[in-house]
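Chemist: Before I ask anything, let me first share the structure, which is written out below as structure tokens.
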Amino acid sequence: MQTIGDLLTAHPFFEGVDERLVRELERCSRNVHYRLGEYLFHEGESADRLLVIRRGRVALDVHVPGRGEVVVSTVDAGEVVGWSWFVPPYTWFFDARAVTEVSAVSVDATCLRDRCDADPVLGYTLMQRIAQVMYRRLQAARLRMLDVYEADHGG
Amino acid sequence: MVADVTAGPETGTGATPAGDPLLPRPFRVVAVRRDTHDTVTMELAAVDGGDLPFAPGQFTMLQAFGVGEVPISISGDPARPGALTHTVRDVGGVTRALCAVTPGDVLGVRGPFGRGWGVADGTGGDVVVVAGGIGLAPLRPAVVAVLADRDTFGRVSLLYGARSPSEVLFGGELERWAAGHGVDVEVTVDQADPTWGGRVGVVTELVPGARFDPQRTLALVCGPEVMMRYVADALTTRGIPPHRVRLSVERNMRCGVGLCGHCQLREHLVCVDGPVFALDRVRRQLAVREL
């Protein structure tokens, strides 16, 4: 049977990270499952965890009056949800909803921050990983702003 | 064994127009299907009853008589040279006229022109196809050709980005390719609606998760040029050598035979040297403004 540590070390987010460092997070973590349509968290709530998605798809959405729930992005297995847990005031910026059955490892944010403070190597390594996620999503958001599929020439 | 493709894409077999390449050949519209609010797929047959053999990735100059002529990639099955299929998006005067055709109308066709995807170069390895928007149309013949010879290829992935769910092209066919031919099909949209349960985001985000062996992969990319630049970066970051990443470059093709120079891209004439280029041949040019 796989331990939480096994699940974390096998996850693409931690690929290439010293296994000893990853296993330091084991005591902060637990396995969680969400049903189709279930909310992982809501906008404005305390961002109290990092969710390491093992299976399924999560939609990040926001309620827009008159338009309902608008999905701004999706996160699939192999990725992580949330960086609000490490940026004050530690509150979620969007809703997160399971659009399939979702299995994840939930890493407690307070425990995670404490461990990062106590072990700068772990902290720096994790910050690098999170920065990569943020960088990719920022670039993707900028590309979407270009609306590249809109017809921009005549013929 | 993976085919050596250092020489760049092939010129498609049997894909040179017969007769005067500047003279349009009349084709009758046989069938028309509306794909999206602004995109139409039409099937044409030569009025003279002849075939129009083509290689996947080639284009024709399609003429609405009395309106004008535009380059349109062929989106049909290369194994059916008697049926010329084009998918046209209404983006201007000529394409608006083309999108308004009905069965029985006659259009002028010159071509086929240009160099195709060179699908056979992917034999023995994996194939990853990355399309954005209407860019799926020029790639459709390549996918059809790969699937016609499915056993000679490894893993086949199709990564497709569209603006919204209602603008996803060939939806039913995408499902058949996934279910019946073992293609890893991933579709993402920039803007979702409540009916959409798939991915939301740009197509570049699909590249890191796609399964292929970079050193044995042929990548075919078509879409808006800015999208292709970033997709090419993502593919080479995954380790695919630039000469095995191929892009279909769109420029202002007019004559189709390298005479007029309208489609010049530095040392290349896109209508004869392209439209499909290996990344290492055009990467520098794609980064130059106003070129």
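The values are calculated or read from the model by the stated rules, or taken from the named source; none is laboratory data. Please read all numbers here as calculations on a predicted model, not as lab measurements. Because the Cβ atoms are built from the backbone with ideal geometry, glycine has one as well, and the counts that use them run over all protein chains shown.
Chemist: Given the conditions (1) within 14 Å of another protein chain (Cβ to nearest Cβ); (2) hydrophobic (A, V, I, L, M, F, W, C); (3) within 17 Å of the chain's Cα centre (by Cα), and given that B:CYS99 satisfies all but one, which numbered condition is not satisfied?
Modeler: Going through the list (1) within 14 Å of another protein chain (Cβ to nearest Cβ); (2) hydrophobic (A, V, I, L, M, F, W, C); (3) within 17 Å of the chain's Cα centre (by Cα), B:CYS99 breaks only (3).
Chemist: For region B:74-96, which residues satisfy the criterion of being touching a His at 6+ places or on another chain (Cβ under 9 Å), of a type outside the set (Gly, Ala, Ser) and away from every other protein chain (no Cβ under 14 Å)?
Modeler: B:ILE74
Chemist: Which residue out of A:ARG49, A:ARG30, A:ARG57, A:ARG35 is within 14 Å of another protein chain (Cβ to nearest Cβ), at negative phi and either under 14 Å from the mean Cα position of the chain (by Cα) or modelled with pLDDT of 95 or more (or both)?
Modeler: Numbers: A:ARG49 fails: within 14 Å of another protein chain (Cβ to nearest Cβ); A:ARG30 fails: within 14 Å of another protein chain (Cβ to nearest Cβ); A:ARG35 fails: within 14 Å of another protein chain (Cβ to nearest Cβ).
Answer to the selection: A:ARG57.
Chemist: A further question follows. Just one of B:THR95, B:THR123 is over 13 Å from B:THR60 (Cα atoms), hydroxyl-bearing (Ser, Thr, Tyr) and surrounded by fewer than 18 Cβ atoms within 10 Å (Cβ to Cβ); which is it? Quick ask: steps written out before the conclusion?
Modeler: Values: B:THR95 fails: surrounded by fewer than 18 Cβ atoms within 10 Å (Cβ to Cβ).
Every option except B:THR123 fails the conditions.
Chemist: Still on this structure, I have one more. Do we have any residue at all in region B:277-289 that's surrounded by fewer than 17 Cβ atoms within 10 Å (Cβ to Cβ) and hydrophobic (A, V, I, L, M, F, W, C)?
Modeler: yes
Chemist: Checking B:ARG251 against (1) at pLDDT 95 or above; (2) under 16 Å from the mean Cα position of the chain (by Cα); (3) not in a helix (DSSP H, G or I): exactly one of these is not met. Which one?
Modeler: (1)
Chemist: State which residue is modelled with the lowest pLDDT when the search covers only region A:68-101 and only residues that are outside any loop (DSSP other than H, G, I, E, B), closer than 14 Å to A:LEU40 by Cβ and in contact with a helix residue (DSSP H, G or I) (Cβ under 8 Å, 6 or more places away or on another chain).
Modeler: So, considering only residues that are outside any loop (DSSP other than H, G, I, E, B), closer than 14 Å to A:LEU40 by Cβ and in contact with a helix residue (DSSP H, G or I) (Cβ under 8 Å, 6 or more places away or on another chain), the one modelled with the lowest pLDDT is A:TRP85.
Chemist: Still on this model: Return only the number of the condition from (1) surrounded by 24 or more Cβ atoms within 10 Å (Cβ to Cβ); (2) part of a loop (DSSP other than H, G, I, E, B); (3) at pLDDT below 95 that B:TRP117 does not satisfy.
Modeler: Every condition holds for B:TRP117 apart from (3).
Chemist: Restricting region B:148-183 to residues that are crowded, with 18+ Cβ neighbours inside 10 Å and assigned to a helix (DSSP H, G or I), which is farthest from the other protein chains (Cβ to nearest Cβ)?
Modeler: B:TRP177
Chemist: Related question: State whether one or more residues within region A:23-45 are exposed (fewer than 15 other Cβ atoms within 10 Å of the Cβ), farther than 17 Å from A:ASP95 by Cβ and touching a Cys at 6+ places or on another chain (Cβ under 8 Å).
Modeler: Yes - at least one qualifying residue is present in region A:23-45.
Chemist: Is it true that B:ARG199 is touching a Lys or Arg at 6+ places or on another chain (Cβ under 9 Å), within 14 Å of chain A (Cβ to nearest Cβ), of a type outside the set (A, V, I, L, M, F, W, C) and touching a residue at least 40 places away in the same chain (Cβ under 8 Å)?
Modeler: For B:ARG199, the condition - touching a Lys or Arg at 6+ places or on another chain (Cβ under 9 Å), within 14 Å of chain A (Cβ to nearest Cβ), of a type outside the set (A, V, I, L, M, F, W, C) and touching a residue at least 40 places away in the same chain (Cβ under 8 Å) - is not met.
Chemist: Show the residue pairs that are 6+ apart or on different chains and have beta-carbon atoms under 8 Å apart, the first residue being within region A:1-21 and in contact (Cβ under 8 Å) with a residue 60 or more places away in the chain, the second being part of a loop (DSSP other than H, G, I, E, B) and among the aliphatic types (A, V, I, L, M).
Modeler: A:LEU8/A:LEU25
Chemist: Picking from B:VAL226, B:VAL270, B:VAL221, which residue would you name as being modelled with pLDDT under 95, within 26 Å of B:PHE59 (Cβ to Cβ) and surrounded by 24 or more Cβ atoms within 10 Å (Cβ to Cβ)? Full working, then the answer.
Modeler: Details: B:VAL226 fails: surrounded by 24 or more Cβ atoms within 10 Å (Cβ to Cβ); B:VAL221 fails: modelled with pLDDT under 95.
Result of the check over B:VAL226, B:VAL270, B:VAL221: B:VAL270.
Chemist: Listed residues B:THR95, B:THR85; which is over 21 Å from B:PHE277 (Cα atoms) and touching a Ser or Thr at 6+ places or on another chain (Cβ under 6 Å)?
Modeler: Exactly one of B:THR95, B:THR85 is over 21 Å from B:PHE277 (Cα atoms) and touching a Ser or Thr at 6+ places or on another chain (Cβ under 6 Å), namely B:THR85.
Chemist: Looking at B:PRO224, B:PRO194 in this structure, which one is within 12 Å of chain A (Cβ to nearest Cβ), touching a residue at least 24 places away in the same chain (Cβ under 8 Å) and not β-branched (Val, Ile, Thr)?
Modeler: B:PRO224
Chemist: For region A:48-63, which residues satisfy the criterion of being in a strand (DSSP E or B) and farther than 13 Å from A:SER29 by Cα? Before you say what the answer is, go through the steps one by one.
Modeler: Kept after step one, since they are in a strand (DSSP E or B), are these residues of region A:48-63: A:49-55, A:57-63.
Matches in region A:48-63: A:ARG54, A:ARG55, A:ARG57, A:VAL58, A:ALA59, A:LEU60, A:ASP61, A:VAL62, A:HIS63.
Chemist: Also: Could you figure out which of (1) more than 14 Å from chain B (Cβ to nearest Cβ); (2) assigned to a strand (DSSP E or B); (3) among the β-branched types (Val, Ile, Thr); (4) loosely packed, with under 15 Cβ neighbours inside 10 Å isn't true of A:VAL121?
Modeler: With respect to (1) more than 14 Å from chain B (Cβ to nearest Cβ); (2) assigned to a strand (DSSP E or B); (3) among the β-branched types (Val, Ile, Thr); (4) loosely packed, with under 15 Cβ neighbours inside 10 Å, A:VAL121 is out only on (2).
Chemist: Which members of region A:134-149 meet the condition of being at negative phi and out of contact with any helix residue (DSSP H, G or I) (no Cβ under 9 Å at 6 or more places or on another chain)? Working first, answer last.
Modeler: Taking region A:134-149 as the starting set, the residues that turn out to be at negative phi are A:134-146, A:148-149.
The answer is A:MET134, A:TYR135, A:LEU138, A:ALA141, A:ARG142, A:ARG144, A:MET145.
Chemist: Follow-up question, since we're still on this one. With the requirement that a residue be more than 9 Å from chain A (Cβ to nearest Cβ) and part of a loop (DSSP other than H, G, I, E, B), what does region B:202-211 give you?
Modeler: Answer for region B:202-211, where residues must be more than 9 Å from chain A (Cβ to nearest Cβ) and part of a loop (DSSP other than H, G, I, E, B): B:VAL207, B:ALA210, B:ARG211.
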